[in-house]
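**Q** Below: one structure in structure tokens.
The values are calculated or read from the model by the stated rules, or taken from the named source; none is laboratory data. Quick caveat, the model's predicted, so the values are computed rather than measured. Cβ placement follows ideal geometry from the backbone for every residue including glycine, while neighbour counts extend to all protein chains displayed. These area figures cover heavy atoms from the full protein model, side chains too; ligands, DNA and RNA do not enter into them. Shrake-Rupley method; radii C 1.70, N 1.55, O 1.52, S 1.80 Å.
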Amino acid sequence: MPRIALVTAIAAHALDDDMQPLLDALHAAGVNADVRAWDDPSVAWSRYDIALLRSTWDYTMRFEAFLAWCEATSRVTRMLNPLDVVRWNTDKRYLAQLQTIGIPIVPTDFIVPGDDPVALITESLALYPDAADFVIKPTIGAGSRGARRHPRAAADAMRDHARQLLDAGKSVLMQPYLPSVDSAGETALLYFDGVYSHAIRKGALLKPAAVPTRALFASEHIQPRTPDADERALADRVIAALPQLVDTDYPLAYARVDLIRAPDGSPCVLELELAEPSIFLAGDPGAGARFAAVMRARLAG
């Protein structure tokens, strides 16, 4: 019978809060599913009709190995979301492409190995004179790993942080920290098969001058949320714009659009999660069944 592999990582096997609700929903829909780790060499991926990326959250520490696994797995089974989406979305430099097509994003500057971090950080500080804090993090990262919030006065710490990432061969992004995060958090909108499903609110993760988390991801405070009309409209625009950005079959099995509010009150994109996002099934009683229906249709199709 058709079978789905829910792909996790050995290190994340017990950390995915979506995994058991998703298994339950799939089994209730008559879909056979197993939990398998991408870094388990004993798994025969060709036995599965779909390899569904779920909690491969250690990929940022072994990025080249993970991409090689994605490429190999895509040759023997159907991977969701597809390989070209994973390649594009796992590097947050996609934010610049969103901005190019008119999607409002959190203001973001990038520093790549070989750049002078001192000059670029100085330019960013001057460019956003009203920002009290700045975020520096790797462009390939998940769960706030490697991210840190710096006060404006701590320019030396910003440069040291950026240098550490650059010396490790990582590209870096720098953003002014938008204060709405502390008061209103982030709104994450979930889409299954291109259709809006539900939304949650995430509380602020980065405390001023706190050291970056060494865990796979920082602890999050999650609540169900009904998005405002302007948030829903922006997220819908992002989902509709995806075919302009990545050449693949649409709609995608899942997508998550993370929004925060700019100083003028308008929503803007913080992140677009298409590779291995938490989908917060506990945030809506019907979400698991909706996603299971999508997967059943993919198997049938």
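**Q** In the neighborhood of W69, defined by Cβ-to-Cβ distances under 12 Å, what is the net charge if each Lys or Arg adds +1 and each Asp or Glu adds -1? Before the final figure, lay out the partial values.
**A** Values: positive: R36, R62, R75; negative: D39, D40, D58, E64, E71.
Summing Lys and Arg as +1 and Asp and Glu as -1 gives -2.
**Q** Carbon and sulfur together cover what percent of the accessible area of the chain at a 1.4 Å probe radius?
**A** Details: 6860 of 12930 Å².
Heavy-atom surface of the chain belonging to carbon and sulfur, 1.4 Å probe: 53 percent.
**Q** Okay, next question. Under the rule of at least 5 residues apart or a separate chain, name every residue whose amide H is placed under 5 Å from the amide H of N32.
**A** I4
**Q** Moving to a separate point now. Place a +1 charge on the Cβ of each Lys and Arg in the chain and a -1 charge on the Cβ of each Asp and Glu, then give the dipole magnitude about the Cα centre in debye, rounded to the nearest 20. Display every interim value, and only then the final one.
**A** Details: 30 positive and 38 negative charges, 87 e Å.
Using Cβ point charges on Lys, Arg, Asp and Glu, the chain gives about 420 debye.
**Q** Let me ask something else about it. Angle, helix 229-245 long axis vs. longest principal axis of the chain, Cα atoms, 0 to 90°, nearest 10?
**A** 70
**Q** Right, another one. Can you check what the net charge comes to around R290, using other residues whose Cβ is under 9 Å from the Cβ of R290 (Lys, Arg +1; Asp, Glu -1)? Could the numbers behind the result be given before it?
**A** Numbers: positive: none; negative: D193, D284.
Result for the local shell: -2.
**Q** Which cross-chain or sequence-distant (5 or more) residues have an amide H under 5 Å from the amide H of Y254, H modelled 1.01 Å from N in plane?
**A** D193
**Q** Here's a follow-up. Computed from the coordinates I sent, semi-axes √(5λ) of the Cα gyration tensor in Å equals one of [x] 29, 23, 19; [y] 33, 22, 17; [z] 41, 25, 15. Tell me the label.
**A** [y]
**Q** So what J values fall out for region 269-278 if you push phi through Karplus, 6.51 cos²θ - 1.76 cosθ + 1.60 with θ = phi - 60°, rounded to Hz, Gly and Pro as x?
**A** Each residue's phi maps through the Karplus curve to give 7, 8, 8, 10, 9, 10, 9, 8, x, 4 Hz.
**Q** Still on this structure, I have one more. Can you run phi through the Karplus equation (6.51, -1.76, 1.60; θ = phi - 60°) for region 176-185 and list ³J(HN,Hα) in whole Hz, with x for Gly and Pro?
**A** x, 7, 7, x, 4, 4, 5, 8, 10, x
**Q** Which value, in Å², gives the accessible area per residue of the chain when a 1.4 Å probe is used on the protein heavy atoms? Mind dumping the intermediate values first?
**A** Working: 12930 Å² over 301 residues.
Counting only protein heavy atoms, the per-residue value for the chain is 43 Å².
**Q** If you don't mind, there's one more thing I want to ask. Work out, step by step, the length gained on full extension between Q223 and T100: first 0.36 nm times the residue separation, then minus their alpha carbon distance; give nm to one decimal.
**A** Details: separation 123, 0.36 × 123 = 44.28 nm, distance 3.20 nm.
Between Q223 and T100, full extension yields 41.1 nm more.
**Q** Could I ask something else about it? How far is helix 155-167 tilted off the main Cα axis of the chain, in degrees rounded to 10, range 0 to 90?
**A** The two axes meet at around 40 degrees.
**Q** Under a 5 Å amide H to amide H cut-off, with H placed in plane at 1.01 Å, what residues pair with E271 once short-range neighbours are removed?
**A** Hits under the 5 Å cutoff: D258.
**Q** Place the peptides 244-253, 182-191, 122-131 in order of packing, highest mean first, counting for every residue the other Cβ atoms within 10 Å and averaging per peptide. Each step should come with its number before you reach the end.
**A** Working: 244-253: 15.2, 182-191: 20.2, 122-131: 13.3.
Going from most to least packed, we get 182-191, 244-253, 122-131.
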